[in-house]
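Colleague: Please read through the structure below; I'll follow up with questions.
The values are calculated or read from the model by the stated rules, or taken from the named source; none is laboratory data. What you see is a predicted model, and the numbers here were worked out from it, not measured in a lab. All Cβ positions, even for glycine, are placed from backbone atoms using ideal geometry, and neighbour counts span all protein chains on display. In case anyone asks, the SASA skips ligands and DNA or RNA and just uses the protein heavy atoms, side chains included. Shrake-Rupley method; radii C 1.70, N 1.55, O 1.52, S 1.80 Å.
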Amino acid sequence: KNGGILYVFPVFDTEEWAEKIRSQSRTIDSEVPKGRMAMNKIWIGNGQLVLPDKIVPGGSVLLEGKKIAAVNVPCPPDARRVDVDGSYIMAGFVDIHVHGGGDSDFMDEDASAFPTIAKAHCAHGTTALCPTTMTCADSLLEKTIDLFLEADKEPENGAELLERRKLAERNPGYG
């Protein structure tokens with residue numbers, strides 16, 4: 001349905017992202033006056049909501065900023081409304097082993113590689129990722145780590161860049 005588009009919960013909230021969703025959706029509730037609309041509140045509904053144990057027809061998700069605020073609730077009057085017309089609504093993918101993307105590699109010794117990779121992966125449903133290196137000289141590894149520490153961990157319109165230890169803190173069952 002609707003071209004098989006999968007609507008993915010974002011881990012970021014920008015007007016550019018919201019515009020992308022609006023342009024891909026068939027029905028957007030634009031009747032709400034702009035002054036009453038919460039820029040950080042987006043309701044995505046009328047879809048096949050993918051949960052860990054089942055798929056819920058007619059499901060919805062309410063996003064507030066970077067958090068999932070509610071599941072299967074009516075659209076609040078102050079939220080941006082995205083009607084996905086039966087398409088799948090599912091959580092974004094967290095990739096724990098990424099070397100690069102978008103013609104960039106984390107070991108390129110270039111600070112611009114980090115947001116480039118994050119944006120390339122986000123475009124395909126990955127909402128967070130762990131940069132991964134390869135066997136190399138200590139000096140290159142140190143430079144890559146320095147660049148990672150300086151990088152924007154939540155680039156606009158890109159996947160969140162995670163350190164493995166932080167991923168483990170968020171998910172105690174992760175090895």
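Colleague: Residue by residue, what Karplus-based ³J(HN,Hα) values in Hz, rounded to whole numbers, does the stretch 94-99 have, using 6.51, -1.76 and 1.60 with θ = phi - 60° and x for Gly and Pro?
Modeller: 10, 9, 9, 8, 10, 9
Colleague: Taking amide H atoms as placed 1.01 Å from N in the peptide plane, list the residues 5 or more away in sequence, or in a different chain, whose amide H sits under 5 Å from that of Gly92.
Modeller: Phe9
Colleague: Do any trypsin sites (Lys or Arg not before Pro) in the stretch 36-96 lie in a DSSP loop with no more than 16 other beta carbon atoms within 10 Å, and if so, which?
Modeller: Hits after loop and neighbour filter: Lys54, Lys66.
Colleague: Let me ask something additional. Taking amide hydrogens as modeled 1.01 Å from N in the peptide plane, which residues meet the under 5 Å criterion relative to Ser87, leaving out close sequence neighbours?
Modeller: Amide H neighbours of Ser87, under 5 Å, 5+ apart: Gln48.
Colleague: To the nearest 10 square angstrom, how much accessible area does His97 have with a 1.4 angstrom probe?
Modeller: Ignoring ligands and nucleic acids, His97 comes out at about 110 Å².
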